[in-house]
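Taking it in order: structure first as structure tokens, then the write-up.
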Amino acid sequence: MPSNRHTPRSVLVTGGAGFIGSNYLLAAVPTQTAVRFVNLDALTYAGQRENLMSLEDLPNYAFQQGDIADRGLVERLFESHNFDTVIHFAAESHVDRSILDPLAFVRTNVLGTATLLEVARQRWKSRGDVRFHHVSTDEVFGALGPEGFFTEDTPYAPRSPYSASKAGADHLVRAYHETYGMPAVISNASNNYGPLQYPEKLIPLVIQNAVSQDPVPVYGMGENVRDWLHVLDHCEAIDRILRSAPDGTTYLVGGGEERSNMDIVHLLLDLVDEALSREAGSSRRLVRFVTDRPGHDFRYALDGSRLAADLDWRPSRSLEQGLRETVAWYLANPEWLEQTRSRTYDEYYTTQYRDRIDAGNPIQAR
């Protein structure tokens, strides 16, 4: 497939203080010195400006705290920086919280995306040297049975308020491309893991509980299956799609590493035992099975063959290699984990959500 080569010069990155966004900026800003990056992040509980302190003094990076649904702010940023590129990471992203507070997800993920699109449309008009890259999730496709894979042509069937809000955002991006001719691309990725991931998610939660020898909660019997993708592999795919994908296309970004939640938990516990020189397998006793969450999708798996064929991208890390690196990062950064965990419990969770935690229910990745 021929590519539409896009060369970014001035880039608005939304949600750049979050997990995937911060990893993207930490990789891109120091190496793409001719590109100007502006990071717009609301700094809600899961966004930390501290993740990006190494970038603060670089001349091609700037930070702006704010809400993507604040049209006036977005317009002022476009006016000041003349963006030719938007990389849209910003989203409410935790399924459990979407069940408790669905309207917050609609506001950020749907209205926020619509606001960015409309401001970009008004500013860019008929320019052809621009691009809007929307970073989305495999959850928009719903659930799979024991076999088969999602493809770029799979119909949408979201099953949680989170996935429904992301599906709405995807549809808006496509609509702006079809209706207004906006140069736009979409990527839908599988479960990410790696450094700087907020500890409500499965992998950092298991690591921190294993280190402190606290119970490790697992939904149901741990049989749900996910495809796992290292965040730095994902960031490389995002940059490849941004620069080389044809306008209007969607690509699935998978890790090709399907595992059940129980397999992931056991592997992580064993890696922590190994890293801390504990008796092999001793931390597996920490596992506690808890009541499954409503509408918990059984399995996600992505067919990444189109991305490999069109843009020659494949993940570079095996799951075991990536998890070993991830465990090592969290063990080497206990201050980051403690600071983040403190913000989790003390500042941002609603009473209802805190009660759910205190009752022993898990906070886990999708």
| note | Within the range 301-323, the count of residues that are in contact with a Lys or Arg (Cβ under 9 Å, 6 or more places away or on another chain), within 19 Å of LEU242 (Cα to Cα) and of a type in the set (A, V, I, L, M, F, W, C) comes to 4
| task | Tell me which residues, restricted to the range 277-289, are touching a helix residue (DSSP H, G or I) at 6+ places or on another chain (Cβ under 7 Å), among the hydrophobic types (A, V, I, L, M, F, W, C) and surrounded by 13 or more Cβ atoms within 10 Å (Cβ to Cβ). | result | LEU286, VAL287
| note | The condition of being surrounded by fewer than 22 Cβ atoms within 10 Å (Cβ to Cβ) and either hydroxyl-bearing (Ser, Thr, Tyr) or not assigned by TED's automatic domain parsing to the domain that holds ARG76 (or both) holds, among GLN122, GLN208, only for GLN208
| said: It is to be established whether one or more residues within the range 258-272 are outside any helix (DSSP H, G or I), in the same structural domain as VAL327 (by TED's automatic domain parsing) and either over 20 Å from the mean Cα position of the chain (by Cα) or farther than 30 Å from ASP153 by Cβ (or both). | reply: no
| message | The conditions are (1) at pLDDT below 95; (2) surrounded by fewer than 19 Cβ atoms within 10 Å (Cβ to Cβ); (3) within 17 Å of TYR193 (Cβ to Cβ), and LEU267 fails exactly one of them. Which is it? | response | (1)
| field | The one condition in (1) touching a Lys or Arg at 6+ places or on another chain (Cβ under 6 Å); (2) buried (at least 22 other Cβ atoms within 10 Å of the Cβ); (3) of a type in the set (Gly, Ala, Ser) that ALA169 fails to fulfil | value | (1)
| field | Selection status of ALA69, farther than 27 Å from LEU337 by Cα, of a type in the set (Gly, Ala, Ser) and either at pLDDT 95 or above or over 15 Å from the mean Cα position of the chain (by Cα) (or both) | value | yes
| query | Does PRO161 qualify as being in the same structural domain as LEU144 (by TED's automatic domain parsing) and farther than 24 Å from TRP228 by Cβ? | reply | no
| query | Only one residue in LEU323, LEU331, LEU337 is more than 17 Å from SER212 (Cα to Cα), modelled with pLDDT of 75 or more and of a type in the set (A, V, I, L, M, F, W, C), so which one is that? | reply | LEU323
| note | Heads up, the strands (runs of 3 or more DSSP E) in the range 130-227 (entirely inside) with at least 3 residues that are under 30 Å from ASP84 (Cβ atoms) and in contact with a strand residue (DSSP E or B) (Cβ under 6 Å, 6 or more places away or on another chain) are 131-137, 184-189
| message | Looking at the range 1-42 only, could you name the residues that are out of contact with any helix residue (DSSP H, G or I) (no Cβ under 6 Å at 6 or more places or on another chain), more than 15 Å from HIS133 (Cβ to Cβ) and surrounded by fewer than 16 Cβ atoms within 10 Å (Cβ to Cβ)? | response | PRO2, PRO30, THR31, THR33, ALA34
| Right, ILE99: surrounded by fewer than 20 Cβ atoms within 10 Å (Cβ to Cβ), in contact with a helix residue (DSSP H, G or I) (Cβ under 7 Å, 6 or more places away or on another chain) and either on the phi < 0 side of the Ramachandran plot or aromatic (Phe, Trp, Tyr) (or both) or not? | yes
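The values are calculated or read from the model by the stated rules, or taken from the named source; none is laboratory data. Values in this document were obtained by computation on a predicted structure and should not be read as measured data. Neighbour counts are summed over all protein chains in view; Cβ atoms, including those assigned to glycine, are modelled from backbone coordinates with ideal geometry.
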